[in-house]
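The values are calculated or read from the model by the stated rules, or taken from the named source; none is laboratory data. What you are looking at is a predicted structure, and each value in this text was computed from that prediction instead of being measured. Heads up, the Cβs are rebuilt from the backbone with ideal geometry, glycines too, and the neighbour counts pull from every protein chain shown. To get the accessible areas, we keep the full protein, side chains included, count just its heavy atoms, and leave off ligands, DNA and RNA. Shrake-Rupley method; radii C 1.70, N 1.55, O 1.52, S 1.80 Å.
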Amino acid sequence: MEKTICLTKTVLESILNYSKYLHPKEGILLLRGKNLKEKLVVNEVVIPPQAIHGEGFSTFPVFMLPFDPSIVGSAHSHPSGILKPSIQDLNHFYGKIMVIVGYPYMSERNIAVFNRKGQTLKHEIIPDED
């Protein structure tokens, strides 16, 4: 059985707002969280150092990242609105999960979560931890 991916409400809002801010360029974020027995909880986003945002791509130099085992994946926007990973997305997969958010970046309906094979993962939005 595959783990459920849980994104806190603040993480969801951060991803949506960051994507809106950068539109029509793609945005990219790192996801920080906890890998628990039955679920993976994402509770923070991090802007990668020296991230590059372009029309149709976003990237960052992986070698600039410090060792951080709390980074569980990445999130990036698709200004086209398409909620599917491209071949380039899969070739540059970082961590355990990839969140894609598509235009118009309004709600949970505009996101999808994938594993490194490009398969859709079950996810839910949870309240923020105190």
Quick one: in the range 51-64, which of the residues that are assigned to a strand (DSSP E or B) and out of contact with any Phe, Trp or Tyr (no Cβ under 9 Å at 6 or more places or on another chain) is surrounded by the fewest Cβ atoms within 10 Å (Cβ to Cβ)? G54
Would you mind stating whether H76 is out of contact with any strand residue (DSSP E or B) (no Cβ under 6 Å at 6 or more places or on another chain) and within 14 Å of L30 (Cα to Cα)? no
Do we have E26 as within 18 Å of K3 (Cβ to Cβ), in contact with a strand residue (DSSP E or B) (Cβ under 9 Å, 6 or more places away or on another chain) and acidic (D, E) here? no
Is one or more of the residues making up the range 110-130 in contact with a Phe, Trp or Tyr (Cβ under 6 Å, 6 or more places away or on another chain) and of a type in the set (G, A, S)? no
Cβ contacts < 8 Å: first residue within 14 Å of L16 (Cα to Cα) and in contact (Cβ under 8 Å) with a residue 40 or more places away in the chain, restricted to the range 72-86; second residue in a loop (DSSP other than H, G, I, E, B) and hydroxyl-bearing (S, T, Y), any location; separation 6+ or different chain. Result? S74/Y94; S77/Y103; S77/Y105; H78/Y103; P79/Y103
List every residue pair whose Cβ atoms lie under 7 Å apart, where the two residues are 6 or more positions apart in sequence or sit on different chains, the first residue falls within the range 34-57 and is closer than 21 Å to P79 by Cα, and the second residue, located anywhere, is open to solvent by less than 60 Å² (accessible area, probe 1.4 Å) and polar (S, T, N, Q). V45/S14; A51/S58; I52/S58; I52/T59
Considering only the range 87-99, state which residues are within 19 Å of S19 (Cα to Cα) and in contact with a Lys or Arg (Cβ under 9 Å, 6 or more places away or on another chain). F93, I97, M98
